[in-house]
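The values are calculated or read from the model by the stated rules, or taken from the named source; none is laboratory data. These numbers were taken from a predicted model, which means no experiment stands behind them. So basically every Cβ, Gly included, is an ideal-geometry build from the backbone, and we count neighbours across all protein chains shown. Side chains are part of the model used for accessible areas, which takes the heavy atoms of the whole protein and leaves out ligands, DNA and RNA. Shrake-Rupley method; radii C 1.70, N 1.55, O 1.52, S 1.80 Å.
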Amino acid sequence: MERADPTRLQSARYTSEAWAALERERLWSRVWQIACTEDCVPEPGDHWLYEIGDLSIVVVRGEDATIRAFQNACPHRGNALVRGHGRGLDRIRCAYHHWCFGLDGRLQSISPQGDAAKKTEPPRTARDPGIGLIDVRVDVWGGFVFVNPDPGAEPLERWLETLPAELAWVEMARYGCDRFMTVELDCNWKVAIDAFIETYHLHAVHPQMLAIADDVHTPITLYDKHSKFVQPYGVPSPRRGGDVDDQELWESFAANLGHRMGIPFADQMAPGPAPAVPEGKTMRDVLIGRIRDHLATLGPLYADLDDHHVIDDFHYHVFPNAIFNVFAGWYGLIRTRPGATPETCSLDMWNFDLRREDAVDAHPRPDEVVLPREEWPALGPVLMQDLELLGQVQKGLRQPGLEEVRLTPAESRIGRMHTVLDRFLDPPADLRLPGPRD
Ligand SMILES: [Fe+2]
């Protein structure tokens, strides 16, 4: 029987090479993870390269329009076949010896081998009609292409538990993403996940959010592997002690989520005087009305949505490395990928907007933008506050006297992630979660 989720974690889980090696060997090669969106490979011949740690996976749309994925390695001598994203391939040709593979991964041709081949037996593998690229499992949910290198993995549908049913109202595939941002961070990939799956740090790191979001009454749901919180928006935090007036709430909501009401970016920092609040109503009601009006301009999809779903935040951690921050009309995806050392990672931030049904450019192919440190402020103050913190967290975790860190109940989603990590990693005793029996 599995133990209760931990309230203490060894800091080595975030810093040690031994732990990172376990993740390489037993985690990334065995879990479903988001490689890209369907919009990244809209046409036959389009391909997208998903790289996480040592893993390099090519997602390809075949001539039959099917999306497939392969390990980025030539079965001849192991050369990585693809260097980046691209379009219009009619086959995959290895640059090393020009062995060619169809978009379905099957070997098409082997280039002639010259005189030496006449004197020696050709390699058996070259004559094997079954030879081809190494398949990676692929499945799609919500417009996202998930991959899993483990051929024996459970189906994606089961992996996602109740999330597809819970999020069915969103119709995520109706959204589009023009571009996503990647930043390189000096922290472990889990340090970045941790900071986005609890609201406990809001009052310390993002005090400006306390005017518009309740960080205290944020119910948490733990699933078998994943987790959720639902955060009320359009109401001040109880930490503010009732001192937030309608003007501050209006300005803060416009500054942080003005796009949800259709306020142009240029006006979000100075939205003008707060709209009048009718008798018996609250500013939250007014905001809900504004969001409804904006959503209605995009189509009838959310015409019957209740107020709670119109304004509040439905925030999911999809084990291990994806976070969906879902609001009606807009959602964010955050994904982290381990870097070359346990103390570096890449953080990918995707923004998805609900597109009008009749919009011609509803589903652009997203651009990937790697944002240098000096351009981080373009991400906005809230993300800046998080990103500037993460390296400091990693630095603290590295201190030799800090053997463990502690989780409060408000951070239980982090505990659940580590419980599930132990299931996959089966770590040695010194790295296993401390529990009552230790
Ligand atoms: Fe944060």
State whether the residues of region 373-383 include one that is under 20 Å from the mean Cα position of the chain (by Cα), under 30 Å from His217 (Cα atoms), in a helix (DSSP H, G or I) and among the β-branched types (Val, Ile, Thr).
yes
Counting only residues that are open to solvent by less than 90 Å² (accessible area, probe 1.4 Å) and of a type in the set (Lys, Arg), which one in region 345-374 is nearest to Ile34 (Cα to Cα)?
Arg365
Can you tell me which residues in region 251-268 are under 21 Å from Phe314 (Cα atoms) and in a helix (DSSP H, G or I)?
Ser252, Phe253, Ala254, Ala255, Asn256, Leu257, Gly258, His259, Arg260, Met261
Would you check if there is a residue in region 172-188 being open to solvent by 10 Å² or more (accessible area, probe 1.4 Å) and at positive phi?
no
Collect the residues in region 60-74 that are buried (at least 23 other Cβ atoms within 10 Å of the Cβ) and out of contact with any Leu (no Cβ under 8 Å at 6 or more places or on another chain), keeping them in residue-number order.
Ala69
State the number of residues belonging to region 394-438 that are open to solvent by 20 Å² or more (accessible area, probe 1.4 Å), small (Gly, Ala, Ser) and more than 22 Å from Phe229 (Cβ to Cβ).
3
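Has region 229-242 got any residue that is within 24 Å of Asp353 (Cβ to Cβ), within 16 Å of the ligand (Cβ to nearest atom) and open to solvent by 20 Å² or more (accessible area, probe 1.4 Å)? Steps first, answer last, please.
Taking region 229-242 as the starting set, the residues that turn out to be within 24 Å of Asp353 (Cβ to Cβ) are 229-234.
Filter once more, so that each one left must be within 16 Å of the ligand (Cβ to nearest atom): 229, 231, 233.
Among the residues that remain, those that are also open to solvent by 20 Å² or more (accessible area, probe 1.4 Å) are: none.
No: region 229-242 contains no residue that is within 24 Å of Asp353 (Cβ to Cβ), within 16 Å of the ligand (Cβ to nearest atom) and open to solvent by 20 Å² or more (accessible area, probe 1.4 Å).
A quick yes/no check of all residues on (1) touching a helix residue (DSSP H, G or I) at 6+ places or on another chain (Cβ under 9 Å); (2) in the same structural domain as Glu38 (by TED's automatic domain parsing); (3) not small (Gly, Ala, Ser):
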| position | (1), (2), (3) |
| --- | --- |
| Asp64 | no, yes, yes |
| Asn72 | no, yes, yes |
| Gly84 | no, yes, no |
| Ala95 | no, yes, no |
| His98 | no, yes, yes |
| Leu103 | no, yes, yes |
| Ser109 | no, yes, no |
| Gln113 | yes, yes, yes |
| Ala116 | no, yes, no |
Which fully enclosed strands (runs of 3 or more DSSP E) of region 284-372 have 2 or more residues being farther than 20 Å from Tyr50 by Cα and among the aromatic types (Phe, Trp, Tyr)?
313-318, 330-338
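Filter region 4-32 down to residues that are among the hydroxyl-bearing types (Ser, Thr, Tyr) and closer than 13 Å to Trp189 by Cα and give me whichever is nearest to the chain's Cα centre (by Cα).
Step by step, filter region 4-32, then rank; the result is Tyr14.
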Subset of region 99-116, residues under 20 Å from Val59 (Cα atoms) and either basic (Lys, Arg) or part of a loop (DSSP other than H, G, I, E, B) (or both), comes to Trp99, Gly102, Leu103, Asp104, Gly105, Arg106
All but one of (1) at pLDDT below 95; (2) more than 16 Å from the ligand (Cβ to nearest atom) hold for Pro381; which doesn't?
(2)
Subset of region 187-217, residues part of a loop (DSSP other than H, G, I, E, B) and away from the ligand (no atom under 12 Å from the Cβ), comes to Cys187, Asn188, Ile212, Asp214, Val216, His217
If you check Gly152 against the conditions, is it without any contact (Cβ under 8 Å) to a residue 60 or more places away in the chain and outside the structural domain of Asp313 (by TED's automatic domain parsing)?
yes
Does region 360-376 contain any residue that is within 16 Å of the ligand (Cβ to nearest atom), touching a His at 6+ places or on another chain (Cβ under 7 Å) and of a type outside the set (A, V, I, L, M)?
no
Residues in region 36-58: is at least one of a type outside the set (D, E, K, R), under 26 Å from Met349 (Cα atoms) and modelled with pLDDT under 95?
yes
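Where residues in region 134-168 are outside any loop (DSSP other than H, G, I, E, B) and in contact with a Gly (Cβ under 8 Å, 6 or more places away or on another chain), which of them is nearest to Asp353 (Cα to Cα)? Working first, answer last.
Taking region 134-168 and keeping what is outside any loop (DSSP other than H, G, I, E, B), we get 135-141, 144-148, 156-159, 163-166, 168.
From what is left, the residues that are in contact with a Gly (Cβ under 8 Å, 6 or more places away or on another chain) are 135, 164.
On the way: Asp135: 32, Pro164: 19 Å.
Looking at residues that are outside any loop (DSSP other than H, G, I, E, B) and in contact with a Gly (Cβ under 8 Å, 6 or more places away or on another chain), I get Pro164.
The rows are residues; the columns are (1) among the aliphatic types (A, V, I, L, M); (2) assigned by TED's automatic domain parsing to the domain that holds Asn351; (3) open to solvent by 30 Å² or more (accessible area, probe 1.4 Å).
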| residue | (1), (2), (3) |
| --- | --- |
| Phe265 | no, yes, yes |
| Gln268 | no, yes, no |
| Pro275 | no, yes, no |
| Pro278 | no, yes, yes |
| Lys281 | no, yes, yes |
| Arg284 | no, yes, yes |
| Leu287 | yes, yes, no |
| Ile291 | yes, yes, no |
